[in-house]
Each structure stands twice: as C-alpha cells, then as structure tokens.
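**Student:** The structure under discussion is supplied below as structure tokens; questions concerning it will follow.
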C-alpha cells in the first residue's frame, strides 16, 4: 500500500486550500497532490510510467502493457493483505472541542459556525420528536441520524447548492441545510397530499428537485453508480459542480459500491463518495463485513484519492468535504471520504440495537463522543454562543416541529387513484384492472381500510 500523502492545491486553489494539508491516500501510481504537480496527468500510460513498482527490478526488463509499463523482478513477493499500520484519521477538534495542535483546516467564521450548530441541534431535535411520534403509532416508520449530525450538516455546509446529492437514508441533514422545512419533513412522514411523493414512499424517503436532492430509495448502494452517471453528465456539460453520494459501511459490501467506484475512476467523474462508517450495518459489525483497513483503502485499489476523517468532528468533516469538492471539480476526478462515526440510535424503529451491541458502548458514544456537544464547545469558546441562545434555539425548534406534525397529521391523504398515476401517460390495462380489483375489495371490506383516504 502506498504511503500516506499530503495534498495541497495548485494556483487555482491556493486562496482556499494551499494552507490546508489533508492526509490523502493517492492512487497506486503515487502521484502526489502537491502545488507543483496537482494537475492531472494526460494519460494513464504516462502516469504509470512514473513509478513501475516499489521494489527493485531491472529497468530493461519491462513490458509495455495496456495501461503503462510493468517491470519484471526475479523476487517472488506477494502484496500483503494490509499495511502494518492503520490509516490515521484526520481531525481538527479533540474530544473536548479544542483545536488540535498544528492543525490545518478550512477556516469558518461566526455566521457559518452558528448556522452549522443550529442545524445540528434542529436535526437532533427533529429526530427525537419524530421517533416518539412513530412510537405513538402516528406514523409507520422512522430512522434517526443520532450521533451522525456532523457528517450530515458539516458536509452539506461545504457544498454548493448546485452540487447534486444522491443520499442513502441517513442524510436528512443535507436536505435540511438546503432549505427543506420542518413542515415538508412532516408532510412526507405522514404521506399526505402535500408530500412531494404523494404518499407513495415510506416515511423518511425524502426527495426534492428544487434542492438537487434525489429521492431516497431503500435498496442499498443503488445511488452510487447513479451518482457517477450524474457526475459524468456534469463533466460533459462543463458545469462547475459535482455529484455527492452517501452510503454506510454496509453499503460497501454491495456490488454497486465497487461498480460505482470503478466507473468513477475510469471515467474521471467529478463525484465525492462519502461513506459513514458507523461500525454497524444494522446488526452486522464491520469485522464481519471486510478484512481491509476500513473503507479508505478501497479507494486506492480503484485509483481514487481517499481520506479518513473523524466523522464526529464537524470542522474536520467540513474541511475534508470542502477540499474534496475542489479536487473533484478542478481536477475532474473522484474522491472517497471515509467518516468514522457511530450510530447512537437504533438502525430504525424496526430495530432494537441492544440485542446485538453493548449498552455501555452506546452510552459511551452518546455521552463522550457526541458531535453536537463537541462542536458546541468550540463555538462557545469563540464567544459565538451562550446559554440564552441555546434555550431559545431548542425551544423554538421544538415548537416548530410539534406544530409541523399537527398540521401534517390533519392534512388530507392522497386519493386512491394516485397509487396508479404518474408512471404512464395513459394508464395501462393491467394497472386499470388492479385499480378495479382494489376498489371492489375496499367496497367488500370497508372496515379493513383507512377511512381518511379519498376513494
């Protein structure tokens, strides 16, 4: 495995990035992302000729193989399954919210910091209330982002509204940052006529054309190759934007993850992959998913610059995503970010995580490694936040969320016919038959169907 490499931008990025060194793992060719050679080599062949292998060989004993020259050696050596040392994790704030010594990061001011913290609190509050609403039987399903607020909000803050988001299902904070209101979240969870999806999706499967946020789909990792296709489209159109896609550690066990990574690398697509490694794919721990050093090393195998970040450190996440976006757009190449975090809540309201992980482990991450509290301490030390601000914010968000739920709960449900619309210009014969059968069944068993759905 190639050594850890440090990145800084060329002249186009100097104002924003040159003071900021991130620990990236380079692609196998070992080209360093430094100020002198940040630009992309013109061809894979030319790039490959820079470094044939890490071990000794006779320079004359080479083969000009497709993709670049490959050196021969008389020594039989197998590539190790892993490095002796794990890839370190980039962070800016320590567990107490203090800046690390000698850290380099993208600076943010008071306005940005306060907004980031406020949105983290809003997401946390919304999750707590909606979770209880589901437990009361008022909505059918819910899934929280508890413990992962920094990955949500800080990554969203580092992006442009023109960047296209392909989420999994634990990124509502990205949509919240982009202006999706608490009322709109509530409408979707209650599946009423104001829901953009017309009540056809499960709760928490949000989407918004206005906010460049593709609708969430339940199948794991399908969004990854889709994001690469969108990124390549942006490249073809010459747009100064990128695609950003999220997945969990469990998603990397799907074939779509590997297809998407290879697709992105080969096509030089401006896409940022953000993997939330929270240690658990529902009840499957990471050690039962892969033997590699997490997710970050997988990028190197596909020729993608990669970095491991403390996902509970909002400043580190912001800095990494901000820089990754610059690389993706300016260099027209993909970047992989592995954010180490922890899912404090259950996987969903259909799960009881205490059945497969220790309660002490959950409590430790909830109390000692909470990303919201850590960022709050840093904001407070800067004199940008007070106890009064805290009380006003939490009270206001709670009132807004409760009001949004009351409005959404009273709103009319979509009519039955909406189940069959919006797929074909003219309803197909088989769908017409299905609708007739459904209506007859409801007429025969009216008590078994909700009375608030217009027929």
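**Student:** Can you tell me which residues in the range 346-355 are without any contact (Cβ under 8 Å) to a residue 60 or more places away in the chain and in a helix (DSSP H, G or I)?
**Tutor:** 354
**Student:** Given the criteria surrounded by fewer than 23 Cβ atoms within 10 Å (Cβ to Cβ), farther than 28 Å from residue 451 by Cα and within 17 Å of the chain's Cα centre (by Cα), does residue 232 qualify? Before you say what the answer is, go through the steps one by one.
**Tutor:** Working: surrounded by fewer than 23 Cβ atoms within 10 Å (Cβ to Cβ): yes; farther than 28 Å from residue 451 by Cα: yes; within 17 Å of the chain's Cα centre (by Cα): no.
When the stated conditions are applied, residue 232 does not pass them.
**Student:** Failed condition for residue 161, given (1) surrounded by fewer than 16 Cβ atoms within 10 Å (Cβ to Cβ); (2) over 17 Å from the mean Cα position of the chain (by Cα); (3) at pLDDT 95 or above, with all others met?
**Tutor:** Only one criterion in (1) surrounded by fewer than 16 Cβ atoms within 10 Å (Cβ to Cβ); (2) over 17 Å from the mean Cα position of the chain (by Cα); (3) at pLDDT 95 or above is unmet by residue 161, namely (2).
**Student:** I'm trying to understand the selection: among the residues of the range 423-447, which are under 20 Å from residue 201 (Cβ atoms) and surrounded by 10 or more Cβ atoms within 10 Å (Cβ to Cβ)? Don't jump to the end; show me each part of the working.
**Tutor:** We begin by selecting, within the range 423-447, every residue under 20 Å from residue 201 (Cβ atoms); these are 423-424, 431, 434-435, 438.
Selection gives 431, 434, 435, 438.
**Student:** As an exercise: evaluate residue 404 against (1) under 20 Å from residue 181 (Cα atoms); (2) out of contact with any helix residue (DSSP H, G or I) (no Cβ under 9 Å at 6 or more places or on another chain) and give the number of the one condition it does not meet.
**Tutor:** (2)
**Student:** With the structure loaded, tell me whether residue 329 is in contact with a helix residue (DSSP H, G or I) (Cβ under 8 Å, 6 or more places away or on another chain) and modelled with pLDDT of 95 or more or whether it fails that test. Before the answer, list the steps.
**Tutor:** Numbers: in contact with a helix residue (DSSP H, G or I) (Cβ under 8 Å, 6 or more places away or on another chain): no; modelled with pLDDT of 95 or more: yes.
No: the conditions fail for residue 329.
**Student:** Then there's this: Being over 15 Å from residue 275 (Cα atoms) and surrounded by fewer than 24 Cβ atoms within 10 Å (Cβ to Cβ) is the filter; apply it to the range 293-324 and report the residue that is nearest to the chain's Cα centre (by Cα).
**Tutor:** 322
**Student:** Would you check if there is a residue in the range 71-92 being over 23 Å from residue 378 (Cβ atoms) and not in a loop (DSSP other than H, G, I, E, B)?
**Tutor:** There is at least one residue in the range 71-92 that is over 23 Å from residue 378 (Cβ atoms) and not in a loop (DSSP other than H, G, I, E, B).
**Student:** Just to be sure before I move on: is residue 422 over 27 Å from residue 159 (Cα atoms) and without any contact (Cβ under 8 Å) to a residue 12 or more places away in the chain in the structure I sent? Write out each step before concluding.
**Tutor:** On the way: over 27 Å from residue 159 (Cα atoms): yes; without any contact (Cβ under 8 Å) to a residue 12 or more places away in the chain: no.
So residue 422 does not fit the description; no.
**Student:** Quick check on my filter: what residues within the range 264-288 are over 18 Å from residue 146 (Cβ atoms) and either surrounded by fewer than 18 Cβ atoms within 10 Å (Cβ to Cβ) or out of contact with any strand residue (DSSP E or B) (no Cβ under 9 Å at 6 or more places or on another chain) (or both)?
**Tutor:** Of everything in the range 264-288, those that are over 18 Å from residue 146 (Cβ atoms) and either surrounded by fewer than 18 Cβ atoms within 10 Å (Cβ to Cβ) or out of contact with any strand residue (DSSP E or B) (no Cβ under 9 Å at 6 or more places or on another chain) (or both) turn out to be 265, 266, 267, 268, 284, 285, 287, 288.
A quick yes/no check of all residues on (1) free of Cβ contacts under 8 Å to residues at least 60 places away in the same chain; (2) surrounded by 22 or more Cβ atoms within 10 Å (Cβ to Cβ):
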site: 166; (1), (2): no, yes
site: 169; (1), (2): yes, no
site: 183; (1), (2): no, no
site: 190; (1), (2): no, yes
site: 222; (1), (2): yes, no
site: 260; (1), (2): yes, yes
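**Student:** Among helices (runs of 4 or more DSSP H) lying entirely in the range 356-455, which contain 1 or more residues that are in the same structural domain as residue 127 (by TED's automatic domain parsing) and in contact with a strand residue (DSSP E or B) (Cβ under 7 Å, 6 or more places away or on another chain)?
**Tutor:** Per the criteria, 371-381.
**Student:** Then there's this: Residues in the range 117-131: is at least one modelled with pLDDT of 95 or more and over 25 Å from residue 386 (Cβ atoms)?
**Tutor:** Restricting attention to the range 117-131, the residues satisfying the condition of being modelled with pLDDT of 95 or more are 117-131.
Going one step further and asking which of them are over 25 Å from residue 386 (Cβ atoms), we end up with 130-131.
Checked against the condition, which is being modelled with pLDDT of 95 or more and over 25 Å from residue 386 (Cβ atoms), the range 117-131 yields at least one hit.
**Student:** Which residues, taken from the range 59-110, are within 30 Å of residue 147 (Cβ to Cβ) and without any contact (Cβ under 8 Å) to a residue 40 or more places away in the chain? Step through it out loud before you land on a result.
**Tutor:** Step one: of the range 59-110, the residues within 30 Å of residue 147 (Cβ to Cβ) are 82-83, 85-110.
Selection gives 85, 94, 100, 101, 102, 103, 107, 109.
**Student:** Can you say whether residue 240 is over 21 Å from residue 161 (Cβ atoms) and not in a helix (DSSP H, G or I), as far as the supplied structure shows? Before you say what the answer is, go through the steps one by one.
**Tutor:** Details: over 21 Å from residue 161 (Cβ atoms): no; not in a helix (DSSP H, G or I): yes.
No.
**Student:** How many residues are touching a helix residue (DSSP H, G or I) at 6+ places or on another chain (Cβ under 8 Å) and farther than 24 Å from residue 346 by Cβ if we restrict to the range 363-384?
**Tutor:** 5
**Student:** Name the single residue that is surrounded by the most Cβ atoms within 10 Å (Cβ to Cβ) among those in the range 326-345 being touching a strand residue (DSSP E or B) at 6+ places or on another chain (Cβ under 6 Å) and part of a helix (DSSP H, G or I).
**Tutor:** 328
The values are calculated or read from the model by the stated rules, or taken from the named source; none is laboratory data. The structure displayed is predicted, hence computed values, not measured ones. For neighbour counting, all protein chains shown are included, and Cβ atoms are generated from backbone atoms with ideal geometry for every residue, glycine included.
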